[in-house]
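Step one of this worksheet: look at the structure below.
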Protein chains: 2
Amino acid sequence: MGAGSRRELDVESPSNPAVRMLRELHSREGRQQHGAFLIEGTRLVAEAVAASWPIVAALYDPVRAGEDSQLASLVARIPGALRASPRALKAAGDTVTPQGIVAAAKMPSLLALVDPVDPIVLVLDGISDPGNAGTLLRSAMGAGARTVLSSRGSVDLFSPKVVRGGMGAHFRLKLGEGLPWPELAAILGSDRAVVVADARSASPYYGFDWRRPAALVVGSEAHGPGPELLERATATVSIPLEAGVESLNAAVAGSVILFEAKRQRAVS
Amino acid sequence: MGAGSRRELDVESPSNPAVRMLRELHSREGRQQHGAFLIEGTRLVAEAVAASWPIVAALYDPVRAGEDSQLASLVARIPGALRASPRALKAAGDTVTPQGIVAAAKMPSLLALVDPVDPIVLVLDGISDPGNAGTLLRSAMGAGARTVLSSRGSVDLFSPKVVRGGMGAHFRLKLGEGLPWPELAAILGSDRAVVVADARSASPYYGFDWRRPAALVVGSEAHGPGPELLERATATVSIPLEAGVESLNAAVAGSVILFEAKRQRAVS
């Protein structure tokens, strides 16, 4: 391909409407307006396609598709994918290193109720770092959660960085985003234990019986859970640390507890 | 203080030799040449001081020290700390948001042998992301490891980003850095189980008996452990994941296993 395909671009300029739309998905307002979120790179877009997730727009670099058979077969599966110039792709995307494909995935519809038999639900309460949120989604997916909720004040689960860190979790998990606590509690239902990770708790996380349906609430490192949340808690748990060690990374702490819950369900 | 202290700066220009020395610590060569590594910010420098760790140079912003009593009392405990201009501090440091203090901590001396009774040693084998390495050091410290080793080809454990992510682990752990495997194995000693985390392993990590002294080897996400390492392994373990989920973040995977080892030692 090379020089030949350059002449056949659908999208040349960064001011093209498709580029502008993808660019608007970098912000929460834009995502709400368009009802879509940004997915970048062959791997993530392939996860969306594998999940038969609706893709509302896609731009790709035809020169790279000519050199990369994975990208070529991926775009062949996306009807309406547009051939774009590298600078259009760079403008549409959020990453420093431009990817060969940038797309818009349809926002999932709102969650009604969590299935009462789901063994574990992860709740992010005030997690502000997008890398940590993405890592927690990936861990939740690996540990068998089917739903992850976030309370109002947490990082937006559909921001490009969280989506990248989630490594496909957005297409496998049911997500409820930015919920006020009363609404979040209603979605969890009343039969589920609400277990709050709290460094001040005297109860080790492995002392809790995770074989019954539970929601694990992981909060911000800096502040710990607030009084409103602690009132709703069935139990609090902590990860015992060596003397003098203050805390763990929030994504690590949540993951350690998620996998202990999975371990208990596996060995019992 | 304010305007008055401005006139009494020890270090005004980014070309001052102390700034140049700190700047050289951003690179591996500079750290080897000076036998020191960079520590930035009140919290990290306070960890070094609390551990009575030798600090070979320190620059701080006297205006910020006039407003921040924590910083003021910290610099009072560092003999020879120099008052520096904000632009000198920015040039010396590695962070985007300039910190009120930037210092050089003495490199630890080389490790001879791991104490045979140490319950667990963490080995980083080909971990290239500095954020993951820093998080693993922090987790290792919390999970009771006293020694962390890295094999040749891993990210430099004394790079500024790893040091920041370690949150003080560098002053509490014995570290051996960039070791060829034969040397690393000699440091571990012959009586210690070498357990390699390998996603392809059929043995769940919680089926291993972590109550005897072990070394946990965590490798790169992308490639998994190489044949040379697998030959040295006493056992391989994996973290069972939900069907279709490819892998966990490397820092999460290592941490989940470290805390399972700690759990087994606690409940037995």
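Conditions first: (1) touching a residue at least 40 places away in the same chain (Cβ under 8 Å); (2) touching a Lys or Arg at 6+ places or on another chain (Cβ under 6 Å); (3) not basic (K, R). B:A145 passes all but one, so which condition is the exception?
So the condition that B:A145 fails would be (2).
Touching a residue at least 40 places away in the same chain (Cβ under 8 Å), within 21 Å of B:L110 (Cα to Cα), within 14 Å of another protein chain (Cβ to nearest Cβ) and buried (at least 18 other Cβ atoms within 10 Å of the Cβ): does that describe B:G168?
In short, yes.
Testing A:K90 on (1) over 13 Å from the mean Cα position of the chain (by Cα); (2) surrounded by 22 or more Cβ atoms within 10 Å (Cβ to Cβ), one condition comes back false. Which one is that?
With respect to (1) over 13 Å from the mean Cα position of the chain (by Cα); (2) surrounded by 22 or more Cβ atoms within 10 Å (Cβ to Cβ), A:K90 is out only on (2).
With of a type outside the set (A, V, I, L, M, F, W, C), more than 11 Å from every other protein chain (Cβ to nearest Cβ) and in contact (Cβ under 8 Å) with a residue 60 or more places away in the chain as the only criterion, which of B:P182, B:P225 stands out?
It is B:P225.
Kindly state which helices (runs of 4 or more DSSP H) lie completely within the stretch B:1-79 and contain at least 3 residues that are within 28 Å of A:S247 (Cβ to Cβ).
Output list reads B:42-50, B:62-67, B:69-76.
It is to be established whether one or more residues within the stretch A:135-147 are away from chain B (no Cβ under 14 Å) and of a type outside the set (D, E, K, R).
No, because not a single residue in the stretch A:135-147 is away from chain B (no Cβ under 14 Å) and of a type outside the set (D, E, K, R).
Within the set of pairs 6 or more residues apart or between chains, which connect a residue that is among the basic types (K, R) inside the stretch A:58-77 to a residue that is at pLDDT 95 or above and in a helix (DSSP H, G or I) with Cβ atoms less than 8 Å apart?
Listed by first residue and then by second, the contacts come to A:R64/A:L71; A:R77/A:V49.
Could you check how many residues of the stretch A:226-241 are within 25 Å of A:Q264 (Cα to Cα) and in contact with a strand residue (DSSP E or B) (Cβ under 9 Å, 6 or more places away or on another chain)?
Adding up the residues that qualify gives 10.
Per-residue answers, yes or no, for (1) free of Cβ contacts under 8 Å to residues at least 60 places away in the same chain; (2) in contact with a strand residue (DSSP E or B) (Cβ under 9 Å, 6 or more places away or on another chain); (3) more than 9 Å from every other protein chain (Cβ to nearest Cβ); (4) among the aliphatic types (A, V, I, L, M):
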{"site": "A:R164", "(1), (2), (3), (4)": "no, yes, yes, no"}
{"site": "A:L173", "(1), (2), (3), (4)": "yes, yes, yes, yes"}
{"site": "A:D191", "(1), (2), (3), (4)": "no, no, yes, no"}
{"site": "A:A199", "(1), (2), (3), (4)": "yes, yes, yes, yes"}
{"site": "A:A251", "(1), (2), (3), (4)": "no, yes, no, yes"}
{"site": "A:E260", "(1), (2), (3), (4)": "yes, no, no, no"}
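Just the residues that are within 27 Å of B:Y205 (Cα to Cα) and either at the interface with chain B (Cβ under 10 Å from one of its Cβ atoms) or free of Cβ contacts under 8 Å to residues at least 40 places away in the same chain (or both), please, taken from the stretch A:228-243.
A:I239, A:P240, A:L241, A:E242, A:A243
Based on this model, can you work out whether A:R20 counts as without any contact (Cβ under 8 Å) to a residue 40 or more places away in the chain, basic (K, R) and more than 17 Å from A:Q99 (Cβ to Cβ)?
Here the answer is yes, as A:R20 does meet what is asked.
For residues in the stretch A:237-260 being modelled with pLDDT of 95 or more and of a type in the set (V, I, T), which is surrounded by the fewest Cβ atoms within 10 Å (Cβ to Cβ)?
Of everything passing the filter in the stretch A:237-260, A:V237 is surrounded by the fewest Cβ atoms within 10 Å (Cβ to Cβ).
Checking the condition surrounded by fewer than 16 Cβ atoms within 10 Å (Cβ to Cβ) and on the phi > 0 side of the Ramachandran plot, which residue from B:G224, B:G178, B:G207, B:G189 passes?
Matching residue, one of B:G224, B:G178, B:G207, B:G189: B:G189.
Is one or more of the residues making up the stretch A:99-111 surrounded by fewer than 14 Cβ atoms within 10 Å (Cβ to Cβ), without any contact (Cβ under 8 Å) to a residue 12 or more places away in the chain, assigned to a loop (DSSP other than H, G, I, E, B) and within 19 Å of the chain's Cα centre (by Cα)?
yes
Every residue in the stretch A:131-153 that is part of a loop (DSSP other than H, G, I, E, B) and surrounded by fewer than 23 Cβ atoms within 10 Å (Cβ to Cβ), please.
A:G144, A:R146, A:R152, A:G153
For the stretch A:128-139, check the following and say yes or no: at least one residue is in the same structural domain as A:R263 (by TED's automatic domain parsing) and on the phi > 0 side of the Ramachandran plot.
No, the stretch A:128-139 contains no residue that is in the same structural domain as A:R263 (by TED's automatic domain parsing) and on the phi > 0 side of the Ramachandran plot.
Being of a type in the set (F, W, Y), within 13 Å of another protein chain (Cβ to nearest Cβ) and either out of contact with any Leu (no Cβ under 8 Å at 6 or more places or on another chain) or more than 17 Å from A:I257 (Cβ to Cβ) (or both) narrows it down to one residue among A:F208, A:F158; which is it?
A:F208
Which condition breaks for A:S73 when tested against (1) touching a strand residue (DSSP E or B) at 6+ places or on another chain (Cβ under 8 Å); (2) more than 16 Å from A:E8 (Cβ to Cβ)?
If we test A:S73 against (1) touching a strand residue (DSSP E or B) at 6+ places or on another chain (Cβ under 8 Å); (2) more than 16 Å from A:E8 (Cβ to Cβ), just (1) comes out false.
The values are calculated or read from the model by the stated rules, or taken from the named source; none is laboratory data. Note that this is a predicted model, so its numbers are computed, not measured. As a convention, Cβ positions derive from the backbone with ideal geometry for all residues, glycine included, and neighbour counts pool all protein chains shown.
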